[in-house]
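Notes follow the structure.
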Amino acid sequence: MTEAPSYGFDTLQIHAGARPDPATGARQTPIYQTTSYVFRDADHAAALFNLQEVGYIYSRLTNPTVAVLQERLATLEGGVGAVCCSSGHAAQIMALFPLMAPGCNVVASTRLYGGTVTQFSQTIKRFGWSAKFVDTDDLDAVRDAIDENTRAVFCESIANPGGYVTDIRAIADVADAAGLPLIVDNTTATPYLCNPIAQGATLVVHSTTKYLTGNGTVTGGVVIDSGNFDWSASDKFPSLSAPEPAYHGLKFHETFGSLAFTFHGIAIGLRDLGMTMNPQAAHYTLMGIETLSLRMQRHCENAMKVASWLEQDARVDYVTYAGLPSSPYYERAQACYPKGTSGLFTFAVKGGYDACIKLVDALEIFSHVANLGDTRSLIIHSASTTHRQLTPEQQEAAGAGPNVVRISIGIEDADDLIADLDQALSKACG
Ligand SMILES: *Cc1c(COP(=O)(O)O)cnc(C)c1O
């Protein structure tokens, strides 16, 4: 099927990128479990290796099952192209890689997934890159943090785990004025609840491990390019605008236009970093995406019910869910995320650290795991797990203090989830 922009989200989540298999007519996208593809002849092989013709060479670069997922995600996000990767963290490196060089920095929100804070504050230093963390609600702070070595601004749409919702348009305007791309991690919102590109983002990254796959089976990530950024407008992005020695001096932006970032991601990024998604993972994620809108509606509905119940419970200090009128982000959520604010939030237990640990152990339906966005309801005590490597200040800034638990509300019966929390809170708070 060719993607007409007039198709609705529910149609595109099932059909975009897919067509009956040309060899067999198979209606479901086959898992092309192959590492290589036979060249028609030597000229064909040479043209593929020169990037003069698009086709399959080797599955570290491209694979037909993964390609369907890439096209589907690019379509759902309103981008021109996408590169799938082995995990969400791989996708973040793949997004930054063409932009950065030793000495360059990314201006990033303080409110990020804990693993991203660690990746940005520690590991990327080994590449000579750095991150400057700022409160992205403070637009002047974002502006002030940008310097001549900044190459990107990075935030999450609905920030994991604190229930913060980001005004992407406002941050995109700041990045635009500085001639920089804005990268938005849209994992928690998914393209069903938020289209960062429509609000000015240049690149969108996802951990497809979470809501997109939705069933806790495979890790994966993706970088989606809006195709809107002029990589040649300054000399800040030579990987995309200047001659590439590894391709006989080819200039990606000049040659591939709006697809420059995507081609670079495959031809340089996957070729040399090798953070490739495998076709099995792409299959599970494609299966998940077929029901994305239905699941997200239920995740949002259930999260509202559970958050409202928790908020009125005497054993709970506060709940940070942007769908609640008590949230400082309520107005912004209504304006920027009208379909809902996903299924992820935190709440503070009056008994503090010890009560949180007991609560997590006493729950029966909720699983204690380091994951989110599953059909199953999940819980984690961030301060003793995912956010353990952070300083107390970083934990607080990320909304993951010692008295706080994060829950990812699944698509079970909301009444059962509430009953489970009720019995576990009784045990935890004695
Ligand atoms: C999980 C997650 C990541 C990292 O993704 P992996 O697939 O676990 O590598 C990045 N950002 C957010 C918001 C996440 O929830």
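The values are calculated or read from the model by the stated rules, or taken from the named source; none is laboratory data. Since this is a predicted model, take the numbers as computed values, not measurements. Methodologically, a virtual Cβ is constructed for each residue, glycine included, from the backbone with ideal geometry; neighbour enumeration extends over all protein chains shown. These accessible areas exclude ligands, DNA and RNA; they are computed on the full protein's heavy atoms, side chains included. Shrake-Rupley method; radii C 1.70, N 1.55, O 1.52, S 1.80 Å.
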Worksheet entry | Residue identified as among the small types (Gly, Ala, Ser) and within 27 Å of the chain's Cα centre (by Cα) among ALA370, ALA362, ALA424, ALA355 | ALA370
Discussion item. Being surrounded by fewer than 23 Cβ atoms within 10 Å (Cβ to Cβ) and modelled with pLDDT under 95 is the requirement here; does SER367 meet it?
Written reply: no
Practice prompt. Kindly indicate which of PHE263, PHE256 is more than 24 Å from ALA189 (Cα to Cα), in contact (Cβ under 8 Å) with a residue 60 or more places away in the chain and more than 16 Å from the ligand (Cβ to nearest atom).
Written response: PHE263
Practice prompt. For LYS305, work out the one condition from (1) under 26 Å from ASP225 (Cα atoms); (2) part of a helix (DSSP H, G or I) it doesn't fulfil.
Written response: (1)
Worksheet item: Filtering segment 140-153 down to residues that are among the hydrophobic types (A, V, I, L, M, F, W, C) and closer than 16 Å to PHE237 by Cβ, which residue is surrounded by the most Cβ atoms within 10 Å (Cβ to Cβ)?
Response: VAL153
Fill in: Residue check, PRO98 in contact with a Gly (Cβ under 8 Å, 6 or more places away or on another chain), in a loop (DSSP other than H, G, I, E, B) and open to solvent by less than 10 Å² (accessible area, probe 1.4 Å)
yes
Item to complete: Report the residue count in segment 367-387 for those that are in contact (Cβ under 8 Å) with a residue 24 or more places away in the chain, within 20 Å of GLY401 (Cβ to Cβ) and in a loop (DSSP other than H, G, I, E, B).
Response: 4
Discussion item. Suppose we filter THR118, THR65, THR75 for residues that are in contact with a Leu (Cβ under 6 Å, 6 or more places away or on another chain) and touching a residue at least 24 places away in the same chain (Cβ under 8 Å); which single one remains?
Written reply: THR75
Worksheet entry | Residue selected from segment 117-139 under the condition of a type in the set (A, V, I, L, M, F, W, C) and more than 21 Å from ALA201 (Cα to Cα), by the criterion least open to solvent (accessible area, probe 1.4 Å) | ILE124
Worksheet item: Does ASP317 qualify as being over 24 Å from ALA198 (Cβ atoms), more than 21 Å from the chain's Cα centre (by Cα) and free of Cβ contacts under 8 Å to residues at least 60 places away in the same chain?
Response: no
Item to complete: Would you mind stating whether ALA400 is outside the structural domain of ALA159 (by TED's automatic domain parsing), without any contact (Cβ under 8 Å) to a residue 60 or more places away in the chain and of a type outside the set (S, T, N, Q)?
Response: no
Item to complete: State all residues of segment 314-329 that are closer than 22 Å to PRO402 by Cα, open to solvent by less than 20 Å² (accessible area, probe 1.4 Å) and assigned to a loop (DSSP other than H, G, I, E, B); if no residue qualifies, say none.
Response: TYR321, ALA322, SER327
Worksheet item: Does segment 30-50 contain at least one residue that is among the polar types (S, T, N, Q), touching a residue at least 12 places away in the same chain (Cβ under 8 Å) and closer than 27 Å to VAL205 by Cβ?
Response: yes
Worksheet item: When you look at VAL106, is it within 14 Å of the ligand (Cβ to nearest atom) and either surrounded by fewer than 18 Cβ atoms within 10 Å (Cβ to Cβ) or not in a loop (DSSP other than H, G, I, E, B) (or both), yes or no?
Response: no
Worksheet item: Among (1) in contact with a Gly (Cβ under 8 Å, 6 or more places away or on another chain); (2) within 30 Å of SER121 (Cα to Cα); (3) open to solvent by 20 Å² or more (accessible area, probe 1.4 Å); (4) more than 16 Å from the ligand (Cβ to nearest atom), which single condition is ALA74 missing?
Response: (3)
Worksheet, complete the sentence: Residues of segment 337-356 being out of contact with any His (no Cβ under 6 Å at 6 or more places or on another chain), more than 16 Å from the ligand (Cβ to nearest atom) and either more than 23 Å from GLY214 (Cα to Cα) or open to solvent by less than 10 Å² (accessible area, probe 1.4 Å) (or both), in sequence order, are PHE347, ALA348, VAL349, LYS350, GLY351, GLY352, TYR353, ASP354, ALA355
